[in-house]
Structure formats: structure tokens, C-alpha cells
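Structure record follows, encoded as C-alpha cells.
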Amino acid sequence: MSVAIWPDHSPRRRISSSSVVTLVPMKIMPLAAAVLLTATTVTTPAQADPVPDLHPCATATKRCDGKLSVPLNWDDPNSERIEVAFAWLPAKKAERTIFAHLGGPTQSLESLPGVEQVLGPLLERSNLLVMDIRGFGKSTILNCDYLKMGDLESIKRCAAELGPRAAHFSSSQTADDLNAIRTALGIDKLHLFGNSYGTFIGQTFAARHPKTVSAMLLDSMGVIGKGGYFYHQHRPRLKNLEVVCDRSRACRDLPSTPVATWTRTLDRLRAKPDPELPVKVFAHVGLQASHSVVAKEVNAAATAYLAGDLAPLRRLGKEVGSPDWKPEEDLPDRTAELAYNCADVEMPFDRSAPVEERKRQFARYHAKERPSQPYERSEYPFVGREEACVYWPQAANRPPAPPELPHPDVPVMSINGEFDFHAPDVVRAAIKRYPRGTFRPVPAAWHAMGFTPEPTGSCVRAAMQKFLSKPTHPAPEARCTAETYKAIGAYPRALRDITPARASGLTGRERTLVAAALATAEDAVARRNPHAHFGHQSLKDSTGLRGGTMTFGKDTIELDRFATWTVSRSRARSASERRPRPI
């Protein structure tokens, strides 16, 4: 059953808090039989008064899609009206209602298959509510077609055209939108499930409407700072490379620490630019510690590069991706995403200050703190997002989760990867603010735990579903891990550098050739590890470090220009007269 709401399409029309919004269930009754709903305005973060009449979707027995007309600014009941779209999926014998948002921020109605993948059999006894937050999808959108994140002139132009209106596309306004939908559907309380940015939207709702929350599941928790804004200042987090290295004796035996090695590598690339290895290729190397091939090889590859062996790091750079790739320009809804970031995230400037003063504060902060070090500002992409917000319209004094509001006293489970945007100690401190909060880290994992490759993903989802089915404190254990590798220490350049394999009945040379063949195969197979970087997962072919090629099929890997060896009880015999090229 599809239900549409007849909106007021005139942005200039003024209404009072007692005005009526006409709801027209387009497919179940004629226009003349419209349902009337009295609009209630929320002017503070406090709980909204209930609306006596329900939305037609409230009585649906199968999926019902609807829209609700809400004020652009909940602090001003006479502001422009906009629409928020939602999908309501009732269960036959519902024991709870789950609101889910998979982050971005971006549209959500199209992501329902992802929600169903994470929640699985839990949906048999759970109502599900999903909404396209304002600015995205089927809700009123916010968009400048020409906007490019790397182009400040396009950002300034868009900000000037949208004006103060753009500042109201934020998580604080979205939280009040969600509460209006909850009230219109007659829902008492919600289990909140958020992934990535969705965790911040969930926490914002919980801060502003705590009495309507029964539990929270935060997958890759976004941390709220002291001022009530999202603490989301991206740092390179090169310390992750040291965590990986500490777990491997071979890596620990390298001559320098990973941070020192990588800092020297950056200095080398700046002083002597390598056309095959631009600095920006590895701008995210700290966050890529969860990607098995990068984490396994990068410390040894950087060490080799500084020693004059350029091949390992060059190959890794080619596989990880091009520095010219600009995801900010390729994804839809970029304008609305920028609006949320600028409204929700802690910024190194005073939001109420004029643009010129914001520019000065931004420049002083980066000159003093150097948050992107050892990268320069121009080398580290996340700096561009903060700088864009210097020019963006700001709504002063409306933090998403005002610090004076108490955290809800309900079971809260945060499950984050060890190498997520926030370090485990930061998340552990943040979850303690919730009286019944539990933090469950996943070793060696990165972000969006519910979508982690198998078998880690199944383990994580089982813990999530167990918590949502019966929220408890402490939350269920999540004995999951994504650690599927050990960091290597060195790359052999010739057969004499290879440690012979342990085998009886073989000569020393034969054991060396066996070790070379096995290492070659392992090098290729590692690039199909499900936890590998997406650049590796999409590889169709790559090169051996000392020559030869790897060709990847659906279920096969073909190695060219390598010897094939068979091993009997007494000896190893080459199936090719070509000398194997060790990796």
C-alpha cells in the first residue's frame, strides 16, 4: 500500500502551529476522503506533544510508503514547509519497532536491502521504520548540480544561492522530523539502529527525545564532542600501522618504527617526486590498516623504498588506486551531505563569526595544530571538507545533541572496528557517557561492521541481532575478528635472499625454489583476501615484484612466467625450463 501526502508546495506560505496538514492516501481512498492531521511544532529539544490523529500507514499490514509535511526550521513554526519520506514495514507479531539508518548521510529508502541483510530474521518479529532524511532521496532535496567538493568557487556559489535555508538541513532538524513520523504512526518507543553517520543521527534523536528510545545499536559509532557536535576530525592515524607491526616479529625487526618510516617516505617523495607514486595515493594509509594487503605489506614496502628497492611500494600504490580519483564528485546528493557535515561536525572556527573571520580562524588552527601531519594540507583530502564549511551558511546555537541534555538510560551497544575513524580509546570513553553503554571492538576491522566480509560479518550480525532482540547491559559479547594476516618484514630480491623451505629429501637449491614458488602463490592469493582493499578485490591483473603477471578470474588465479613445481617424496622437479622469479 502506497500512501502519499498532499504537501504545500509554496515555500513562501506562512502557517501557524495550529494549521492542518492534509494527508491523502492516494491508493486506498479518493481525494475527497482526505485524512486531517493537526501539526504540532517542536521548538525545543524537549519531547513533542502527541498528535491525536494517526497517519494512514499506522494501520497498514504490509509495507507502506508515505510522506510528511514538516517545517524547514522546527524552531520557527511559520517557516517553509518541506517533505520527509519514509517506509513503514509492519511485522505480523511485532515485539519491537526498529528505526534504521545506514549513514552517509545519504538516502535510505534505497538501502532497505542492506538493512534487511543486517537485521535478518529479527525482522520477523520487528516493525521497521526507515526514512529519507531531509535533503535526500524522496524527501525534499537540497542540491546544486554544479557543486564539486574540490572546487571552492562552486561551493561559494552554491552557498550564496541556497542562503540561510541550507543551514536547516541537519541532524538536529532531522531528529525532530523523525519524532513527527513516530508520533504520526502511533509508535511509543523505538529501538535505534545506526550505521556510520546513522549512529550520529540516532544519538541526536536520543538526546532530543529520550523518552521515546528503548535501546540503541551503534555500528561504527560517531562520537559526540563536548559541545554537542560530531567529533569527526579525520586524522591520518598512522599509529594503526604500529599496532599491525607490533603483532608481527618480522615487522618488529625492521630498522625503524612504521610512523618514522612513513614520515621519511613522505619526505623522500616530496624531495624527489616519483611519477609512479604520487603522495596522495597513500593519504589514507593509516585507515587502510584494516585492508589486509596494505597492512601486511606497507611497512616492509616503505622500508624497501627508502633502501632503493622501489618495486614493492610502487606496485601497492598502483593497486590501491589513483590519486586523481575524486569520489566527492562522483556520488549523488553531495550538496546535502555537505550541509549536514557543516551543521553537525565540530569545526575549528566560530560558527557565528563572519566568513572572513572564519577563514582566519581556520588558517590559524591548521598552522598551529597541523592535524593532517605528517601530510601537508594539500595532500590530505579531508581538510577540504572543513574548508568548504567556512563558506557554508551556519545556524548558530543549535548543536545536534546539546551537552546539557542527559543521555538516555537505556541499553546501548557500540560495535566498532579497531581501525575505524575513531580510535578504540576514544569510543570507549564516549560510550561511558551512557549509563548502560557497552563497547565491543572488533580487532583489525575498519568501518560498518554489519557489512564486514565473511566470516567476520556473520559473527558481528549475530551479536547485533541478539542485542536488538533482547537489549541488555552489558551487551552480548562479540567474539569476532578481522585479523587474517601478519605484517611481513622484507622483500627478497634474489634467490639468495629467500629462506629455504623445510623439506626432507631435497637439495638446498630445491628447497629455496620451493619456498620461492610458495611465496609467489601466497602473494597472489593474498590479493583475493575478502578483507583486502577494494582496489585489490577488483583487480583483473597485477604484476609480480620481479617480473611476470597475475591474472585473476572468478575462482582462479593464473601466474605467467613462473615455474610450476611438483614435489615428490624424494625431490622437486621443474615443469618449466624458465627460472622462477621470486617475489
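The values are calculated or read from the model by the stated rules, or taken from the named source; none is laboratory data. Just so it is clear, the model here is predicted, and its values are computed rather than measured. With ideal geometry, Cβ positions are generated from the backbone for all residues, glycine too; neighbour counts draw on all protein chains shown. Surface areas here come from the heavy atoms of the whole protein model, side chains and all, with no ligands, DNA or RNA. Shrake-Rupley method; radii C 1.70, N 1.55, O 1.52, S 1.80 Å.
Looking across the stretch 552-567, the residues that are at pLDDT 60 or above and crowded, with 17+ Cβ neighbours inside 10 Å come down to PHE552, LEU559.
ALA396 passes every criterion in (1) at pLDDT 90 or above; (2) among the aliphatic types (A, V, I, L, M); (3) out of contact with any helix residue (DSSP H, G or I) (no Cβ under 6 Å at 6 or more places or on another chain) apart from (1).
Could you check the stretch 417-437 and list, in sequence order, the residues that are within 14 Å of ARG479 (Cα to Cα) and buried (at least 22 other Cβ atoms within 10 Å of the Cβ)? If the condition is that a residue be within 14 Å of ARG479 (Cα to Cα) and buried (at least 22 other Cβ atoms within 10 Å of the Cβ), then GLY417 is the only one that fits. Looking only at the stretch 198-219, residues that are small (Gly, Ala, Ser) and open to solvent by 10 Å² or more (accessible area, probe 1.4 Å) come to 2 in all.
Consider the stretch 449-471 and keep the residues that are among the polar types (S, T, N, Q) and touching a helix residue (DSSP H, G or I) at 6+ places or on another chain (Cβ under 9 Å). The one that is surrounded by the most Cβ atoms within 10 Å (Cβ to Cβ) is THR452.
Quick test for you: out of ALA300, ALA307, pick the one residue that is closer than 26 Å to ALA524 by Cβ and without any contact (Cβ under 8 Å) to a residue 12 or more places away in the chain. It would help to see each step written out before you state the result.
On the way: ALA300 fails: without any contact (Cβ under 8 Å) to a residue 12 or more places away in the chain.
ALA307 is the lone residue from the list that is closer than 26 Å to ALA524 by Cβ and without any contact (Cβ under 8 Å) to a residue 12 or more places away in the chain.
Quick one: would you say ALA160 is buried (at least 20 other Cβ atoms within 10 Å of the Cβ) and either at positive phi or at pLDDT 95 or above (or both)? Against the criterion (buried (at least 20 other Cβ atoms within 10 Å of the Cβ) and either at positive phi or at pLDDT 95 or above (or both)), ALA160 does not qualify. Within the stretch 466-520, the residues that satisfy the criterion of being assigned to a helix (DSSP H, G or I) and under 26 Å from the mean Cα position of the chain (by Cα) are LYS466, PHE467, LEU468, SER469. There is at least one residue in the stretch 236-246 that is basic (Lys, Arg) and either within 21 Å of the chain's Cα centre (by Cα) or surrounded by 19 or more Cβ atoms within 10 Å (Cβ to Cβ) (or both). Identify all residues within the stretch 488-533 that are in contact (Cβ under 8 Å) with a residue 60 or more places away in the chain and touching a strand residue (DSSP E or B) at 6+ places or on another chain (Cβ under 6 Å); write none if there are none. Passing the criteria: LEU506, GLU510, ALA517.
If you scan the stretch 522-546, which residues turn out to be open to solvent by less than 40 Å² (accessible area, probe 1.4 Å), over 26 Å from the mean Cα position of the chain (by Cα) and within 25 Å of ALA503 (Cβ to Cβ)? Result: ASP523, ALA524, GLY544, LEU545.
Residues in the stretch 59-75 that are out of contact with any Phe, Trp or Tyr (no Cβ under 8 Å at 6 or more places or on another chain) and open to solvent by less than 60 Å² (accessible area, probe 1.4 Å): SER69, VAL70, PRO71, LEU72, ASN73, TRP74.
Summed over the stretch 107-126, the residues that are open to solvent by less than 10 Å² (accessible area, probe 1.4 Å) and not β-branched (Val, Ile, Thr) give a count of 4. Residue under question is LYS272, and the condition is that it be surrounded by fewer than 18 Cβ atoms within 10 Å (Cβ to Cβ) and not β-branched (Val, Ile, Thr); does it hold? Yes; evaluated as a whole, the condition is true for this residue. In summary, LYS92 fulfils each of the numbered conditions (1) assigned to a loop (DSSP other than H, G, I, E, B); (2) under 22 Å from ASP219 (Cβ atoms); (3) open to solvent by 30 Å² or more (accessible area, probe 1.4 Å); (4) in contact with a Lys or Arg (Cβ under 9 Å, 6 or more places away or on another chain) with the single exception of condition (2).
Remark: pairs (first residue in the stretch 350-365, within 20 Å of ASN397 (Cα to Cα) and in contact (Cβ under 8 Å) with a residue 24 or more places away in the chain; second residue part of a loop (DSSP other than H, G, I, E, B) and small (Gly, Ala, Ser); Cβ separation under 8 Å; 6+ apart in sequence or on different chains) = ARG351/ALA395; ARG351/ALA396; SER352/ALA396. PRO273 fulfils the conditions (1) outside any helix (DSSP H, G or I); (2) in contact (Cβ under 8 Å) with a residue 12 or more places away in the chain except for a single criterion, (2).
Can you pull out every residue in the stretch 414-444 that is of a type in the set (Gly, Ala, Ser), assigned to a helix (DSSP H, G or I) and either over 12 Å from VAL223 (Cα atoms) or without any contact (Cβ under 8 Å) to a residue 12 or more places away in the chain (or both)?
The first filter runs over the stretch 414-444 and keeps only residues of a type in the set (Gly, Ala, Ser), leaving 414, 417, 423, 429-430, 437, 444.
Imposing the further condition that a residue be assigned to a helix (DSSP H, G or I) reduces the set to 429-430.
ALA429, the sole residue that qualifies.
Quick check on the stretch 45-58: of everything there that is modelled with pLDDT of 90 or more and aliphatic (A, V, I, L, M), which residue is least open to solvent (accessible area, probe 1.4 Å)? For the stretch 45-58, the residue satisfying everything is ALA58. Evaluate the following for GLY104: is it assigned to a loop (DSSP other than H, G, I, E, B) and open to solvent by 10 Å² or more (accessible area, probe 1.4 Å)? Criteria met by GLY104.
Select from the stretch 472-481 the residues that are open to solvent by less than 40 Å² (accessible area, probe 1.4 Å) and in contact with a strand residue (DSSP E or B) (Cβ under 6 Å, 6 or more places away or on another chain) and list them in ascending order.
ALA475, ALA478, CYS480
When SER414 is tested against (1) out of contact with any Phe, Trp or Tyr (no Cβ under 6 Å at 6 or more places or on another chain); (2) among the hydroxyl-bearing types (Ser, Thr, Tyr); (3) crowded, with 20+ Cβ neighbours inside 10 Å, exactly one condition is not met: (1).
Assess whether ASP76 counts as being assigned to a loop (DSSP other than H, G, I, E, B) and over 26 Å from ALA462 (Cβ atoms).
yes
Total residues in the stretch 536-558 satisfying the condition of being touching a helix residue (DSSP H, G or I) at 6+ places or on another chain (Cβ under 8 Å) and under 15 Å from PRO453 (Cβ atoms): the figure is 2.
Inspect the stretch 127-139 for any residue being over 27 Å from GLY417 (Cα atoms), hydroxyl-bearing (Ser, Thr, Tyr) and surrounded by 24 or more Cβ atoms within 10 Å (Cβ to Cβ) and give the result as yes or no. Looking through the stretch 127-139, at least one residue is over 27 Å from GLY417 (Cα atoms), hydroxyl-bearing (Ser, Thr, Tyr) and surrounded by 24 or more Cβ atoms within 10 Å (Cβ to Cβ).
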